[in-house]
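Okay, structure first, notes after.
The values are calculated or read from the model by the stated rules, or taken from the named source; none is laboratory data. Note that this is a predicted model, so its numbers are computed, not measured. So basically every Cβ, Gly included, is an ideal-geometry build from the backbone, and we count neighbours across all protein chains shown.
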Amino acid sequence: MESEWAYDAHVVADPGERFYRMPKGYKRAGDILIDQAANDVVDRPNVIYAALFCYRQSIELFLKRLIEEFGQGKEWRPKNTHELSILWERFMWIINERERSGSIGLSESQRLVHEMDRADKKSDGFRFPTNFDGAPFVFGDRGIDLANLREVMQGLQNFFECAYLDFSHQDDMLSDYLVSLI
């Protein structure tokens, strides 16, 4: 079958473009699933897991993108982790290095990231029915305000995107300054 550019979804190989698109994509998928859950009471208990996984994955990828691009090549241990608390610590290292600890929304974002980390420590609680040992996940038997969840996730995305723009601006200003010295 011949490809139709106008109808195809293109998956790119470039890591930079993937890091740009993937966190936004998982966030958007979460939004779509939340909309479906809000509109279909029968489907709600099924799609909530996928929505929460997508939102959690978007947080992980937003943090990993910021760490990758602005972590100044620092070698982190463990290198690859799904634990949001560890990723947040690395992000905070960047925040402190760049003297941005007074950023608007930082404490609220930290609280939300830690809440998601407690709900799903290693990115498997919203994907599987039990942990490795067959025990149920701690996060359960609770209601979730779908509209609030969607709004909170939008705010968190806004925070991460503003941090990215702020760090990029800092780097541009430093680069311009260094060029002016030559």
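Among the numbered criteria (1) surrounded by fewer than 11 Cβ atoms within 10 Å (Cβ to Cβ); (2) of a type outside the set (S, T, N, Q); (3) modelled with pLDDT of 95 or more, which single criterion is violated by residue 27?
In the conditions (1) surrounded by fewer than 11 Cβ atoms within 10 Å (Cβ to Cβ); (2) of a type outside the set (S, T, N, Q); (3) modelled with pLDDT of 95 or more, residue 27 misses (1) alone.
Has segment 103-111 got at least one residue that is surrounded by 12 or more Cβ atoms within 10 Å (Cβ to Cβ), part of a loop (DSSP other than H, G, I, E, B) and without any contact (Cβ under 8 Å) to a residue 12 or more places away in the chain?
no
Residues to consider are 140, 155; find the one that is closer than 24 Å to residue 38 by Cα and assigned to a loop (DSSP other than H, G, I, E, B).
140
Please verify whether segment 52-72 includes one or more residues that are in a loop (DSSP other than H, G, I, E, B) and free of Cβ contacts under 8 Å to residues at least 24 places away in the same chain.
The answer is yes; a qualifying residue exists.
Is it fair to say residue 105 is touching a helix residue (DSSP H, G or I) at 6+ places or on another chain (Cβ under 6 Å), of a type in the set (Gly, Ala, Ser) and within 24 Å of residue 31 (Cβ to Cβ)?
Answer is yes for this residue.
How many residues are part of a helix (DSSP H, G or I) and in contact (Cβ under 8 Å) with a residue 60 or more places away in the chain when one looks only at segment 112-133?
Result for segment 112-133: 2.
Take the residues in segment 81-102 that are over 15 Å from the mean Cα position of the chain (by Cα) and not in a helix (DSSP H, G or I), then tell me which one is farthest from residue 18 (Cα to Cα).
102
Which residues, taken from segment 39-76, are acidic (Asp, Glu) and under 19 Å from residue 125 (Cα atoms)?
60
Restricted to segment 38-74, and to residues that are small (Gly, Ala, Ser) and surrounded by 22 or more Cβ atoms within 10 Å (Cβ to Cβ), which residue is nearest to the chain's Cα centre (by Cα)?
Pass one, segment 38-74, residues small (Gly, Ala, Ser): 38, 50-51, 58, 71, 73.
From what is left, the residues that are surrounded by 22 or more Cβ atoms within 10 Å (Cβ to Cβ) are 51, 58.
On the way: 51: 13, 58: 3 Å.
Within segment 38-74, the match that is nearest to the chain's Cα centre (by Cα) is 58.
Conditions: (1) in a helix (DSSP H, G or I); (2) over 25 Å from residue 144 (Cα atoms). Residue 24 meets all but one. Number of the miss?
Among (1) in a helix (DSSP H, G or I); (2) over 25 Å from residue 144 (Cα atoms), residue 24 violates only (2).
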